[in-house]
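Worksheet: the structure to be examined is printed underneath.
Taken together, the values in this text are just the output of simple stated rules run on the coordinates, not laboratory data. Keep in mind it's a predicted model, so treat the numbers as computed, not measured. Methodologically, a virtual Cβ is constructed for each residue, glycine included, from the backbone with ideal geometry; neighbour enumeration extends over all protein chains shown.
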Amino acid sequence: MSRKKTSKSKGASAPAASTLPAANGPQPARSGTARPGPDAPPNGPPQPGRPSLGSSGGDFYDVAFKVMLVGDSGVGKTCLLVRFKDGAFLAGTFISTVGIDFRNKVLDVDGVKVKLQMWDTAGQERFRSVTHAYYRDAHALLLLYDVTNKASFDNIQAWLTEIHEYAQHDVALMLLGNKVDSAHERVVKREDGEKLAKEYGLPFMETSAKTGLNVDLAFTAMAKELKQRSMKAPSEPRFRLHDYVNREGRRASCCHP
Ligand SMILES: Nc1nc2c(ncn2[C@@H]2O[C@H](COP(=O)(O)OP(=O)(O)OP(=O)(O)O)[C@@H](O)[C@H]2O)c(=O)[nH]1
Ligand SMILES: [Mg+2]
């Protein structure tokens, strides 16, 4: 299998909403090409011949996918991404994302190098038209609410409507209830999240960008699902995202401080 270099991490913000990146579909890497799709910043379509932004990186990957984080402003999308990418928590002043930002990470999934290009969207209403433009190219969506903010939970239905309108019909989707470390401020019960997820047939986990609870698991589970969708051998048993998340999420929650 061929391998390709990828960038470590890139940031971009406030792209023009009028242009879209490459078409959907998993993107197997090809050696020797400056294929702009997976490395392109989300501020325009890939341009043939444009040098890849990943040329300075040292990682290689076999297959690449785009994962988009969506949900109300303040639910913790950026913090979740930073926790996953850098293992750190952005405490202190809340800096709301402007437009869209992105980061890359390459994971080893059962011996296959899976690159996730993760798009961090702005939850603020005024950037909605920007994020709409990117749904179409997302292979997976992590839909977040904040367990300490009832409105963010109530808005999940509206987010799902938007997702159905703009995303690919077969997009992989997961519901995450973030900020579970704030036990005293919790207003959305775990069972409420589970019930909603069941209603819509979504895998569900509670997370904390602050402590790291289930953060790696959420992204890893998604990477496994996407890898299986694109590379599953006929003899290989089907990966079941729901079961995996339920089993592993329970294990992580039980043993976490
Ligand atoms: N206690 C706690 N606070 C969190 C957690 N995740 C994020 N926060 C805090 O919540 C605030 C908002 O976090 P962000 O990650 O910036 O929120 P966002 O969803 O990216 O917001 P927008 O960019 O406006 O869409 C920040 O003050 C974070 O420190 C968490 O897991 N636990
Ligand atoms: Mg943000």
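Cα gyration tensor of the stretch 159-257, axes a ≥ b ≥ c as square roots of the eigenvalues: rounded (a/c below 1.5), prolate (a/b > b/c) or oblate? Oblate, since a/c reaches 1.5 and b/c is not below a/b. Charge tally around residue 84: other residues with Cβ under 9 Å, Lys/Arg +1 each, Asp/Glu -1 each, net +2.
Computed over the stretch 73-143, the convex hull of the alpha-carbon atoms projects to a mean area of 5.3 nm². The Cβ shell under 13 Å around residue 96 holds other residues with a net charge of -2, Lys and Arg each +1, Asp and Glu each -1.
Report the antiparallel proportion of the DSSP beta bridges in the stretch 63-254 as a percent, rounded to a multiple of 5.
30 percent
Remark: the stretch 165-206 projects, on average over all directions, an area of 3.6 nm² (convex hull of Cα atoms).
The loop-placed trypsin sites (Lys or Arg not before Pro) in the stretch 114-165, going by DSSP, that have at most 16 neighbouring Cβ atoms within 10 Å of their Cβ come out as 136. Take the Kirkwood radius over Cα pairs of the stretch 63-254, plug it into Stokes-Einstein at 4 °C and 1.567 mPa s, and you get 78 µm²/s for translational diffusion.
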